Amino acid sequence: MNINSRDLLYFGAAICTGIAGILHLILVPNAIDSNINNAILFLVGGIAQIFWILPMIKRWGKVWYAVGIAGTVILIGLWVITRIADNPITGRGGPISERAIAVEVFQIAYVAITALIMAKERIRKPSSIEERR
């Protein structure tokens, strides 16, 4: 099996979203007792992120990559907003834990790697004029 640098990008994106998903799922049991809404968010987000390993490994294409990026950016945005004092979601700033930082790092890495994959695919594909020749 020959693995090239392009393969590593797909594997890297899959690993990053998978780890973020696992970390989100680890948060579910603690959140159930204190905030059911957080528990649901962590459960749905974690399952989605673990599922997103499949589109990355199987290379399902740019629509899937764009949806993955958008969903992950939404999760990152929710986390950032809920850390701000007097925010519109919780009304107070949330704590910043080491686990939360790890989740955000893996999510940001997923977005960056997947954006790079999309950029490389755009460069690699010939234009429609070149395809006709």
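For region 1-119, what's the relative contact order in percent, using C-alpha pairs closer than 8 Å and at least 6 residues apart? Working shown, then result.
Values: 129 pairs, mean separation 41.3, N = 119.
Relative contact order of region 1-119: 35 percent.
Stokes-Einstein diffusion coefficient for region 5-121 at 20 °C in a medium of 1.002 mPa s, Rh from the Kirkwood formula over Cα pairs: what value in µm²/s?
Translational diffusion coefficient: 147 µm²/s.
If a helix is a whole DSSP H run, which ones in the chain reach 30 Å or further along their own axis (Cα) and hold a mean Kyte-Doolittle hydropathy of at least -0.5?
On the way: long enough: 5-34 (44 Å, 1.12); 98-124 (39 Å, 0.78).
The answer, listed by residue number, is 5-34, 98-124.
Separation of region 61-108 and region 33-57 by C-alpha centroid, Å?
About 12 Å separates the Cα centre of region 61-108 from the one of region 33-57.
Would you work out which of 38, 14, 84 lies farthest towards the positive end of the dipole of the chain? Charges go on Cβ: Lys and Arg +1, Asp and Glu -1.
Farthest towards the positive pole: 14.
Would you grab the residues whose amide H sits under 5 Å from the one on residue 87? Only those 5+ places off in sequence or on another chain, please, with H modelled 1.01 Å from N.
92, 93
With +1 on each Lys and Arg Cβ and -1 on each Asp and Glu Cβ, and nothing else charged, work out how big the dipole of the chain is about its Cα centre, in Debye to the nearest 20.
640 debye
Can you order the peptides 80-90, 111-121, 41-51 by their average number of other Cβ atoms within 10 Å per residue, highest first?
41-51, 111-121, 80-90
Read-outs throughout are calculated quantities, based only on the coordinates presented, and are distinct from any laboratory measurement. On a predicted model such as this, the values are computed, not experimentally measured, just so you know. Every residue, glycine as well, gets a Cβ built from its backbone with ideal geometry; the counts of neighbours run over all protein chains shown.
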